[in-house]
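Engineer: Quick one: the structure is below, questions incoming.
Nothing in this text is a laboratory measurement; each read-out follows from the coordinates by a stated rule. Everything numeric in this text was worked out from a predicted model, so none of it was measured. Counting neighbours? That spans all protein chains shown, and the Cβs are built from the backbone with ideal geometry, glycine included.
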Amino acid sequence: MAGNSTYVPATGFTRWLDKRLPILRLTHDTVSTFPTPRNLNIWYTFGGILTFCLGVQIVTGVVLAMHYVASADLAFNSVEGGIMREVNYGWLIRILHANGASMFFLAVYIHMFRGVYYGSYKEPREMIWILGVLIYLLMMATAFFGYVLPWGQMSFWGATVITSLFSALDQVIPHLGTAITTWLWGDFAVGDATLNRFFSLHYLLPFAIAAVVGLHIWALHIPGNNNPLGIDVKGPQDTVPFHPYYTAKDAFYLALFMILFAAFVFYAPDFFGNPDNSIQANPLVTPTDIVPEWYLLPYYAMLRSVPQKLIGVLVLLGSLVTLFLIPWLDSSKVRSCRFRPLMKQCFWVFALDCVLLGYVGSQSADAVLNLGGMQLPLVWLARAGTAYYFAYFWVLMPLVGRIERTKALPESIAKSVLGTAGERI
Ligand code: HEM
């Protein structure tokens, strides 16, 4: 789909540059004229929105790092005192960065669910998906390291809980897990050394994400976009040039996204935050409930659904590794759920399941739900939710593709969008 280059340098300078570094030709071919299916909907604007989010996090993060002090004694005050109260507009930069992380995850979840619904991970787009999952894992690691930096109670205890997961390896080889955990901490508890290395990694990883995003978009430009119908582009009548059609559409939805982002930043800056993180880290006082940020809650629920620590860690790892395998687990020849009545229902149950797991992850481990007199321990919901999570990928994806009767696919994108007028172009 990449086609031949149609770039014609217009000035003496661009002709000179084109022979030495054809960067304008690359931009022209991959952005301006790139043939893009004419039926992409709102859910396809999130790739651009994600690129914006990454940019915001890097720019605000670099400025925050100019004022942040990575020391167990000074970190909390450098954020709550210095950045929030003394640095010019420091409060704005920090709130943009903290809420930006939530907006980034909101966008990435929409982007991923879109990919699953329209079967965008299917051949020939497996590599786009795999690189996407890699980006997602890097995002989770970056967010985890970043959350430790303000050195509040939840920063400290979150870091302690997650790094201690490695100690489960003691059950495989005695002392191995403890040795690894101590090595990760750089001390015998989460402390100054841990904070310093987490700061270093938190600064590094976004650039690794940017590099993988480059590969992700490169891989996307080989087969070109999938689309809501999930059928292949059959000719020029099915596509429009990326610019101005999708630059305009992406810009419009980006503007709406920025309004939502600004609403949180200016009217509810603490909406996503945990009040315990406004208290300085205290290794002697454990908070009643240690909860991660909302975007990690479903995994936290899966981890806690198993009483045995090692198995809980394996379930957590399994839930992430599974994501890499989706292109090979789904047996359907039809990509888009629009034409897969049974899989569409399984998909929506899966989406609800993730919300349910998120809710359970936000509650105390021993919480009980009172359903009109019936006591339902939440851990049972977590178990049912975890079972469906795995069943969706390992049972339903391979099975439903083999047994369901799919709806008839449209002849072409042009015909589906333009009706009979599509036949004339
Ligand atoms: C920083 C994070 C990311 C950025 C900047 C990014 C960027 C993009 C862009 C610009 C596109 C093309 C426009 C669109 O389809 O929306 C795209 C497509 C795609 N992305 Fe991402 N992405 C990111 C994360 C992810 C993740 C985490 C996954 C999945 C795990 C993923 C899977 C895909 C797939 C499958 C497509 C092809 C969609 C299709 O053609 O139907 N991406 N991405």
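Engineer: About the Cα centre, and with charges only on the beta carbon of Lys, Arg (+1) and Asp, Glu (-1), how big is the dipole of region 73-201? Nearest 20 debye, please. Mind showing how you got there, number by number?
Structural biologist: On the way: 6 positive and 8 negative charges, 96 e Å.
Computed charge dipole of region 73-201: roughly 460 debye.
Engineer: Could you work out Rg/(2.2 N^0.38 Å) for region 90-142, with Rg from alpha carbons only?
Structural biologist: On the way: Rg = 13.9 Å, N = 53, 2.2 N^0.38 = 9.9 Å.
That ratio works out to 1.40.
Engineer: Right, next: What does the charge dipole of region 341-425 about its Cα centre add up to, to the nearest 20 debye, if the Cβ of each Lys and Arg holds +1 and the Cβ of each Asp and Glu holds -1?
Structural biologist: Values: 7 positive and 5 negative charges, 62 e Å.
Dipole about the Cα centre, nearest 20: 300 debye.
Engineer: For helix 192-220, report the angle its Cα long axis makes with the longest principal axis of the Cα atoms of the chain; keep it between 0 and 90° and round to the nearest 10°.
Structural biologist: Around 10 degrees separate the two axes.
Engineer: Per 10 Å bin, what is the whole-percent P(r) computed from every C-alpha pair distance within region 33-94?
Structural biologist: Bins of 10 Å from zero give 19, 33, 20, 15, 12, 2 percent of pairs.
Engineer: Turning to a different aspect of this structure: Under a point-charge model restricted to the Cβ atoms of Lys and Arg (+1) and Asp and Glu (-1), what is the dipole moment magnitude of the chain relative to its Cα centre, in debye to the nearest 20? Spell out each step's value before the answer.
Structural biologist: On the way: 26 positive and 23 negative charges, 338 e Å.
In debye, rounded to 20, the chain gives about 1620.
Engineer: Next question, about the same structure. How big is D, in µm² s⁻¹, for region 259-382 by Stokes-Einstein at 20 °C and 1.002 mPa s if Rh is the Kirkwood radius over C-alpha pairs?
Structural biologist: Working: Rh = 17.7 Å.
For the chosen part, D equals 121 µm²/s.
Engineer: Related question: Per Stokes-Einstein, at 25 °C and 0.890 mPa s, what whole-number D in µm² s⁻¹ belongs to region 157-252, with the Kirkwood radius over Cα pairs as the hydrodynamic radius? Walk me through the numbers before you get to the answer.
Structural biologist: Details: Rh = 18.0 Å.
Roughly 136 µm²/s, to the nearest whole number.
Engineer: If you don't mind, there's one more thing I want to ask. Which value, to two decimals, describes the C-alpha radius of gyration of region 184-334 once divided by 2.2 N^0.38 Å?
Structural biologist: Numbers: Rg = 22.1 Å, N = 151, 2.2 N^0.38 = 14.8 Å.
Dividing the Cα radius of gyration by 2.2 N^0.38 Å gives 1.49.
Engineer: Shape verdict for region 197-260, please, from the Cα gyration tensor: rounded (a/c under 1.5), prolate (a/b greater than b/c) or oblate. Can you show the working numbers first?
Structural biologist: Values: a/c = 3.21, a/b = 1.67, b/c = 1.92.
It is oblate, given that a/c is not under 1.5 and a/b is not larger than b/c.
Engineer: Could you tell me what % of all Cα pairs in the chain have separations over 37 Å? Please report the intermediate quantities before stating the final value.
Structural biologist: Working: 29694 of 90100 pairs.
It works out to 33 percent of all Cα pairs.
Engineer: Same structure again: Please list the equivalent ellipsoid semi-axes of region 122-165, computed as the square roots of five times the alpha-carbon gyration tensor eigenvalues, in descending order and whole angstrom. Display every interim value, and only then the final one.
Structural biologist: Details: eigenvalues 198, 20, 5 Å².
Taking √(5λ) for each eigenvalue gives 31, 10, 5 Å, largest first.
Engineer: If amide hydrogens are placed 1.01 Å from N in the peptide plane, which non-local residues have theirs closer than 5 Å to the one on Thr36?
Structural biologist: Residues meeting the amide H criterion: Val240, Phe242.
Engineer: I would also like to ask the following. Tell me the Rg and the Dmax, in Å, that the Cα atoms of region 103-186 produce.
Structural biologist: Computed over the Cα atoms of region 103-186, radius of gyration and Dmax are 17.3, 46 Å.
Engineer: Two decimals is fine: what is log10 I(q)/I(0) at q = 0.17, 0.19, 0.22, 0.31 Å⁻¹ for region 251-301, from a Debye sum with one equal scatterer on every Cα and no solvent?
Structural biologist: Cα-only, vacuum Debye calculation for region 251-301: -0.74, -0.83, -0.93, -1.12.
Engineer: Please say if region 1-149 is rounded, prolate or oblate, where rounded means a/c under 1.5 for a ≥ b ≥ c the square roots of the C-alpha gyration tensor eigenvalues, and otherwise the choice is prolate for a/b larger than b/c and oblate otherwise?
Structural biologist: Oblate.
Engineer: Which angle between 0 and 90 degrees, to the nearest 10, do you get for helix 126-148 versus the longest principal axis of the chain when only C-alpha atoms count?
Structural biologist: 30 degrees
Engineer: In degrees from 0 to 90, rounded to the nearest 10, what is the angle of the helix 153-164 Cα long axis to the longest principal axis of the chain?
Structural biologist: 80 degrees
Engineer: Return the long-range amide H neighbours of Gly152 (sequence gap of 5 or more, or a different chain), with a cut-off of under 5 Å between placed amide H atoms.
Structural biologist: Amide H to amide H, under 5 Å and 5 or more residues apart or across chains, Gly152 pairs with Ala281.
Engineer: With runs of 4+ DSSP H residues as the only contributors, calculate the mean residue ellipticity of the chain at 222 nm using -39,500 (n - 2.57) per run, divided by the residue total and rounded to the nearest 500. Don't jump to the answer; show the numbers that get you there.
Structural biologist: Numbers: 16 runs with 246 residues, N = 425.
Rounded to the nearest 500, it is -19000 deg cm²/dmol.
Engineer: Assuming 0.36 nm per residue, please report the length gained on full extension of the stretch Leu320 to Thr178 beyond their Cα-Cα distance. Don't skip to the answer; put the middle values down first.
Structural biologist: Working: separation 142, 0.36 × 142 = 51.12 nm, distance 2.36 nm.
Gain on stretching Leu320 to Thr178: 48.8 nm.
Engineer: Can you give the Kirkwood hydrodynamic radius for region 305-346, in Å, rounded to one decimal and based on Cα pairs? Could you put the intermediate results ahead of the total?
Structural biologist: Values: mean 1/r = 0.0798 Å⁻¹.
It works out to 12.5 Å.
Engineer: Moving to a separate point now. In units of 2.2 N^0.38 Å, what is the alpha-carbon radius of gyration of region 1-45?
Structural biologist: On the way: Rg = 13.6 Å, N = 45, 2.2 N^0.38 = 9.3 Å.
Scaled against compact globular proteins, the figure is 1.45.
Engineer: For region 239-264 and region 330-370, what is the centre-to-centre distance using only Cα atoms, to the nearest Å?
Structural biologist: 28 Å
Engineer: Further, regarding this structure: What ranking do 396-403, 52-59 get when scored by the average of other Cβ atoms within 10 Å per residue, highest first? Mind dumping the intermediate values first?
Structural biologist: Details: 396-403: 15.8, 52-59: 18.0.
Ranked from most to least packed, the peptides come out as 52-59, 396-403.
Engineer: I need the peptides 250-259, 376-385, 116-125, 346-355 ranked by packing, meaning the mean over residues of other C-beta atoms within 10 angstrom, with the highest value on top. Walk me through the intermediate numbers first.
Structural biologist: Working: 250-259: 14.2, 376-385: 17.9, 116-125: 20.7, 346-355: 16.0.
Answer by packing, highest mean first, reads 116-125, 376-385, 346-355, 250-259.
Engineer: Given R₀ = 30 Å, FRET efficiency for Val349-Val212 by Cβ-Cβ distance, to 0.05? Walk me through the numbers on the way to the answer.
Structural biologist: Working: r = 31 Å, r/R0 = 1.03.
With a Förster radius of 30 Å, E is 0.45.
Engineer: Using 0.36 nm per residue, how much length does the chain from Asn77 to Thr33 gain when fully extended, once their Cα-Cα distance is taken away? Walk me through the numbers before you get to the answer.
Structural biologist: Numbers: separation 44, 0.36 × 44 = 15.84 nm, distance 5.06 nm.
Here the answer is 10.8 nm.
Engineer: Which one of Thr11, Ser120, Thr322 is farthest out on the positive end of the charge dipole of the chain, using unit charges on Cβ (Lys, Arg +1; Asp, Glu -1) and the Cα centre as origin?
Structural biologist: The one lying farthest along the dipole's positive direction is Thr11.
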